[in-house]
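A quick write-up on the structure given underneath.
The values are calculated or read from the model by the stated rules, or taken from the named source; none is laboratory data. Since the model is a prediction, treat every value here as computed from it, not as a measurement. Here Cβ is always computed from backbone atoms with ideal geometry, including for glycine, and neighbour counts include all displayed protein chains.
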Amino acid sequence: MRQFRAILLALSVFGLPLQAAQASEWGCEVLLCAASDNPSWHGVESCHPPMERLITAMKRPGFSWPTCPEGGAGKPGYDQYADCRAGWQPVAGDQDYDHGRSGELSRCSRTVRVCNGRTPQNADSDRKEDTRDGITRELLGRNSCEYREYVARPLRAQPYYFDIKSEQGGTERHYFDLRH
């Protein structure tokens with residue numbers, strides 16, 4: 001946040017041309033508010049007008065995201081899915097339903113080994129089992145000691161993000177939402 005305050009201070013002290021400053025002012029307000037994480041922009045009263053203006057503007061045809069060139073950020077990214085739980089990997093959606101075409105990593109998967117030195121159970125290789133906890137288990141072949149589990153990938157509460165250059169030279173990702 002210090003970096004953004006410094007940017008806004010520099011804008012006011014060094015006086016960019018008035019038209020350029022007005023054009024990017026809203027974008028910089030949006031960037032500052034979106035980067036606020038404790039509290040989020042919802043808890044910062046001065047963030048309500050620029051963010052509500054943004055939400056309203058997004059509904060109009062021809063919407064163009066307001067940018068803040070002074071802050072080094074343009075249009076935000078969007079990532080609707082949260083990370084999978086530890087030990088699980090993101091995988092494409094259910095092959096049975098989308099025929100493998102979507103490529104969207106909408107599920108999490110892990111392989112489970114069950115034999116632990118014992119003889120595997122004789123089972124059908126194509127057997128799938130859905131459980132009440134939302135996990136689908138799929139055997140990995142006849143007489144296999146392994147099966148694969150699938151679960152829907154969790155949705156991110158704050159799916160939009162800005163990658164903002166840090167003072168150390170890297171970037172920091174700041175997630176935010178656009179709910180009223």
Would you confirm, using the coordinates I've provided, whether Cys108 is out of contact with any Asp or Glu (no Cβ under 6 Å at 6 or more places or on another chain), over 30 Å from Pro69 (Cβ atoms) and modelled with pLDDT of 80 or more?
yes
Hey, could you check the range 50-65 for residues that are within 17 Å of Leu178 (Cα to Cα) and either small (Gly, Ala, Ser) or touching a Ser or Thr at 6+ places or on another chain (Cβ under 8 Å) (or both) and say which is modelled with the lowest pLDDT?
Ser64
Here is a list: Glu45, Glu52, Glu29. Which entry is out of contact with any strand residue (DSSP E or B) (no Cβ under 7 Å at 6 or more places or on another chain) and closer than 23 Å to Thr171 by Cβ?
Glu29
Before we move on, is Arg118 out of contact with any helix residue (DSSP H, G or I) (no Cβ under 7 Å at 6 or more places or on another chain), of a type outside the set (A, V, I, L, M), more than 30 Å from Glu29 (Cα to Cα) and at pLDDT 80 or above?
no
Limited to the range 17-49, what total is found for residues that are at pLDDT below 90 and surrounded by fewer than 16 Cβ atoms within 10 Å (Cβ to Cβ)?
9
Subset tally (residues that are farther than 18 Å from Glu25 by Cβ and of a type in the set (D, E, K, R)) for the range 51-68:
2
Specify the residue that is modelled with the highest pLDDT; the eligible residues are those in the range 129-180 that are exposed (fewer than 12 other Cβ atoms within 10 Å of the Cβ) and part of a strand (DSSP E or B).
Leu155
If you scan the range 35-89, which residues turn out to be of a type in the set (Val, Ile, Thr), in a loop (DSSP other than H, G, I, E, B) and in contact (Cβ under 8 Å) with a residue 12 or more places away in the chain?
Thr67
